[in-house]
1. Which residue pairs have Cβ atoms under 8 Å apart, sit 6 or more places apart or on different chains, and have a first residue in region 180-197 that is open to solvent by 40 Å² or more (accessible area, probe 1.4 Å) and a second that is β-branched (Val, Ile, Thr)?
2. Scan region 376-390 and tell me whether some residue there is outside any strand (DSSP E or B), crowded, with 23+ Cβ neighbours inside 10 Å and of a type in the set (S, T, N, Q).
3. Taking region 406-438, which residues are assigned to a loop (DSSP other than H, G, I, E, B) and surrounded by 21 or more Cβ atoms within 10 Å (Cβ to Cβ)?
4. From the list 292, 245, which one is open to solvent by 30 Å² or more (accessible area, probe 1.4 Å), under 25 Å from residue 45 (Cβ atoms) and either over 17 Å from the mean Cα position of the chain (by Cα) or not polar (S, T, N, Q) (or both)?
5. Kindly provide the set of residues from region 327-360 that are open to solvent by 50 Å² or more (accessible area, probe 1.4 Å) and among the charged types (D, E, K, R), ordered by number.
6. Pairs needed: first member in region 200-218, closer than 22 Å to residue 256 by Cα; second member anywhere, open to solvent by 10 Å² or more (accessible area, probe 1.4 Å) and among the hydroxyl-bearing types (Ser, Thr, Tyr); C-beta distance under 8 Å; at least 6 residues apart or different chains.
7. Name the residues in region 18-33 that are of a type in the set (A, V, I, L, M), surrounded by fewer than 23 Cβ atoms within 10 Å (Cβ to Cβ) and within 19 Å of the chain's Cα centre (by Cα), would you?
8. Return the total of residues in region 77-126 being part of a loop (DSSP other than H, G, I, E, B) and within 21 Å of residue 49 (Cβ to Cβ).
Amino acid sequence: MSEQSRRPRRPAKPYRRPQKDPVRILAFEALRAVDERDAYANLVLPPLLRKAREKGDFDGRDAALATELVYGTLRRQGTYDAIIAECVDRPLREVDPPVLDVLSLGVHQLLGTRIPSHAAVSASVELARVVLGDGRAKFVNAVLRKVTQDDLDGWIARVAPSYEEDPEDHLAVVHSHPRWVVSALWDSLGGGRAGIEKLLAADNERPEVTLVARPGRATTEELLGEEAAERGRWSPYAVRLTEGGEPGAITAVQEGRAGVQDEGSQLVALALANVPVEGPDEKWLDGCAGPGGKAALLAALAAERGAVLLASEKQPHRAGLVAKALHGNPGPYQVIAADGTRPPWLPGTFDRVLMDVPCTGLGALRRRPEARWRRRPEDLDNFAPLQRALLRTAIDSVRVGGVVGYATCSPHLAETRAVVQDVLKQRPETELVDARPLLPGVPELGEGPDVQLWPHVHGTDAMYLALIRRTG
């Protein structure tokens with residue numbers, strides 16, 4: 001008998017069941033829904049959190065951590081992908097998406113939170129064991145241990161090209177935006193490096209929750225009674241929840257008398273409502289009304305003046321959301337499902353028309369961080385004909401002397417000034433109205449007559465507004 005055969009065998013390690021962590025499992029499920037179903041985190045996460053609370057798995061701190069893990073991972077996805085690519089032995093496209101989601105969650109905990117490194121690695125490996133199996137958990141462990149060798153700044157110095165070598169690619173990696181988006185935002189913003197750096201950084205910050213007190217139904221004083229509530233910066237109807245908070249728990253929001261609405265969105269509606277018009281001011285139109293935030297504010301303002309709002313939305317399910325938002329309005333209104341490019345109303349019917357057109361949504365990347373990875377440059381070409389058609393419809397729909405508001409939640413020049421200039425060249429019976437005086441107190445609105453809001457300047461989504469008067 002050999003010496004080796006006489007040695008006692010080591011006892012096998014007993015199998016240990018992986019520890020289920022409800023917070024990280026929920027974060028993983030949310031990321032998978034975003035990846036597999038093209039869902040948006042702001043729509044996926046709330047029902048998952050609600051279900052977890054109902055089961056008794058979550059308290060407030062758990063919900064806050066899950067939210068940070070999901071949104072932080074999505075915002076920094078580009079940066080984290082570049083780091084993970086340095087730590088794996090294959091092209092990133094060959095890593096299975098569920099494995100990449102677990103890795104990204106782990107990297108965010110290591111580089112984007114204050115969670116200790118050993119806890120971040122351990123929790124990520126346990127998550128991998130639960131959702132991927134032991135074999136892939138070993139791969140996750142090996143990769144994350146490589147990531148622990150440096151902090152975020154150190155990794156960025158290793159994986160990002162220098163600014164002098166390639167400014168756009170440098171900013172894309174550092175601030176986690178696709179290169180084409182960096183280029184487009186830079187063109188729209190103009191200026192040097194400081195401005196674009198501030199804008200891209202603002203896109204990666206968690207936005208405050210902003211409420212709107214719908215006129216005639218709620219007041220800002222009522223909403224200011226909520227915990228950690230402060231007045232909005234620019235809109236007289238805005239209240240900010242400075243520590244996050246759960247807006248769905250607020251009575252006025254539950255009753256539809258107030259709603260969640262970015263201050264930039266409020267300003268667009270207010271500017272259209274306040275621009276002077278000669279003659280009657282009785283019929284207003286929101287021609288792309290879904291999901292209903294601007295329509296609800298416009299309808300309330302119209303009711304105060306004895307005017308009526310028609311809210312039109314092409315998609316029936318979104319028209320249903322508009323109807324829900326307007327329910328209880330203090331004055332008359334109507335909601336219809338109709339195609340704004342083939343409207344059922346007669347030309348020249350309305351005194352004021354808002355056309356907040358479908359767009360790439362590049363102005364709301366703080367709220368929908370995954371949109372930056374889904375959008376492609378060719379999407380601009382797909383939206384362009386629709387945006388121009390809807391603006392033409394808006395001009396046809398307003399009477400002589402009435403005003404159209406063309407709005408987008410995108411600062412991309414192809415969706416803003418290019419659309420307005422192209423359409424107005426063909427419509428000599430129109431003129432641009434200076435929108436800047438209609439946003440009183442709001443600084444840095446540019447040379448006009450149109451207005452572009454910015455997250456890093458105004459703390460709002462990057463809303464664009466042009467006001468157009470029909471003169472003949």
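1. 186/196; 189/196
2. Yes, region 376-390 has at least one match.
3. 409, 410, 411, 412, 415, 416, 435
4. Step by step, each of 292, 245 is checked, and only 245 is open to solvent by 30 Å² or more (accessible area, probe 1.4 Å), under 25 Å from residue 45 (Cβ atoms) and either over 17 Å from the mean Cα position of the chain (by Cα) or not polar (S, T, N, Q) (or both).
5. Residue satisfying the conditions is 342 alone.
6. Note: pairs meeting the criteria are 208/242; 212/237; 213/219; 213/220; 213/237; 214/237; 215/237.
7. Hit for region 18-33 is 33, nothing else.
8. Adding up the residues that qualify gives 2.
The values are calculated or read from the model by the stated rules, or taken from the named source; none is laboratory data. Fair warning: this is a prediction, and the values are worked out from it, not measured in the lab. All Cβ positions, even for glycine, are placed from backbone atoms using ideal geometry, and neighbour counts span all protein chains on display. The area values use the complete protein model at the heavy-atom level, side chains included, leaving out ligands, DNA and RNA. Shrake-Rupley method; radii C 1.70, N 1.55, O 1.52, S 1.80 Å.
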